[in-house]
Amino acid sequence: MRSTAARRLARGALATYPPSFRARYGAEQAALVEDLDGSLRVALDLLVGSGRAWLRPAFVGEPTERLRQRRQATVSTVWVGWCSVFVGSSALLRLLEDPPPAGFQPGLGGWLVLHDTLTTALVVGWVLVLVVGVPLGVAALRRGRSVRRAVLPPVVALGGCAVLLVPLLAYAQVHWVGAGRTATAADIPLWWALLGLLWLVALGATALWGTVGFALGLRNAAFTAQRLRVPTLAAAALVVPMAVVVAVDLSVLVGTATSVASPFGALAWAVAAVLVAAVVASATSSVRAGLTVGAPPAER
């Protein structure tokens, strides 16, 4: 029984490898797992190998194809990193500011400067994503049904989240914002609380869906190395606002003296660690792709 469970874990670990790796070695690895005695150590070794494969992907084929795969991997990595930083930073600030600890006044002094810096970095980042990503997305949608199946559902789901938000905002405007007062627990009707919870869950699921779906759509589109040159440069530029956002988050964490022992403190520091990892992975992938930007025309 234990052997069977461990073998299932090993099969699950195999599924975490990058698609390009699985396409080349997947069948061979799967056969190897079936031949080995099922053990937890095998599953753990596979997970470690999966992490290495994602951090240092191996590209195969002609020079042009390797260049294309490198740039595609960088654009996808930075997109996933950007989504992680955007969602994770919003969640982190909510943990720290609701309610804010003593001495932490987000709207005054240096705290206000940090907030303005973070907001500017997020706006600059999204402008860069939209300017480069929208034309790339439109071009991708023309490249086949597999791309549309990956990209369109999260876009439609995002529209559904926007529709859910309308009654929430309308009620808040009429009863709280427009009346110039803060909502209390007694003021919040049950339908509003349930709809708000549904909206949060739907928005979180849509964010995850879009993160994975857009990266999958880019892979299915199989753009040429030349077509991915500008998105690769934009991805490298996007790492800068990502780093600024994470630096602000860490400054707030340190400035508010948030400890692991405080309420939600461990969760806040865990989120911060994920954000740092996202920036490091994005920066590393961008640097490696930067070595190929000036590749000779013959290798493009």
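The values are calculated or read from the model by the stated rules, or taken from the named source; none is laboratory data. Everything numeric here is computed off the predicted structure, so don't read it as measured data. Heads up, the Cβs are rebuilt from the backbone with ideal geometry, glycines too, and the neighbour counts pull from every protein chain shown.
Starting from residues that are under 22 Å from the mean Cα position of the chain (by Cα) and surrounded by fewer than 17 Cβ atoms within 10 Å (Cβ to Cβ), keep the ones in region 3-17 and report whichever is farthest from Val33 (Cα to Cα). Spell out the reasoning first.
We begin by selecting, within region 3-17, every residue under 22 Å from the mean Cα position of the chain (by Cα); these are 12-17.
With the extra rule that they be surrounded by fewer than 17 Cβ atoms within 10 Å (Cβ to Cβ), the set shrinks to 12, 15-16.
Numbers: Gly12: 11, Ala15: 12, Thr16: 15 Å.
Per the stated criteria, the residue is Thr16.
Would a scan of region 31-46 turn up a residue that is under 21 Å from Val280 (Cα atoms) and at pLDDT 80 or above?
Here is the first cut: in region 31-46, the ones under 21 Å from Val280 (Cα atoms) are none.
Within region 31-46, none of the residues are under 21 Å from Val280 (Cα atoms) and at pLDDT 80 or above.
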Expected single match for modelled with pLDDT of 90 or more, at negative phi, of a type in the set (Val, Ile, Thr) and in the same structural domain as Val75 (by TED's automatic domain parsing) among Val138, Val163, Val156, Val201 is Val138
Single condition Ala215 does not satisfy, out of (1) buried (at least 16 other Cβ atoms within 10 Å of the Cβ); (2) in contact with a Gly (Cβ under 9 Å, 6 or more places away or on another chain): (2)
Given the conditions (1) of a type in the set (Val, Ile, Thr); (2) surrounded by 13 or more Cβ atoms within 10 Å (Cβ to Cβ); (3) modelled with pLDDT of 90 or more, and given that Ile188 satisfies all but one, which numbered condition is not satisfied? (3)
Against the condition of a type outside the set (S, T, N, Q), out of contact with any helix residue (DSSP H, G or I) (no Cβ under 9 Å at 6 or more places or on another chain) and within 24 Å of Arg56 (Cα to Cα), how does Ala273 come out, does it pass? yes
Unmet criterion (only one of (1) surrounded by 11 or more Cβ atoms within 10 Å (Cβ to Cβ); (2) farther than 17 Å from Ser76 by Cβ) for Leu197: (1)
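In contact (Cβ under 8 Å) with a residue 60 or more places away in the chain and farther than 26 Å from Ser89 by Cα: which single residue out of Gly144, Gly180, Gly133 fits that description? So that I can check it myself, show each step before the final result.
Values: Gly180 fails: in contact (Cβ under 8 Å) with a residue 60 or more places away in the chain; Gly133 fails: farther than 26 Å from Ser89 by Cα.
From the options Gly144, Gly180, Gly133, the qualifying one is Gly144.
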Please tell me if Gly51 is surrounded by fewer than 17 Cβ atoms within 10 Å (Cβ to Cβ), at pLDDT 75 or above and under 24 Å from the mean Cα position of the chain (by Cα). yes
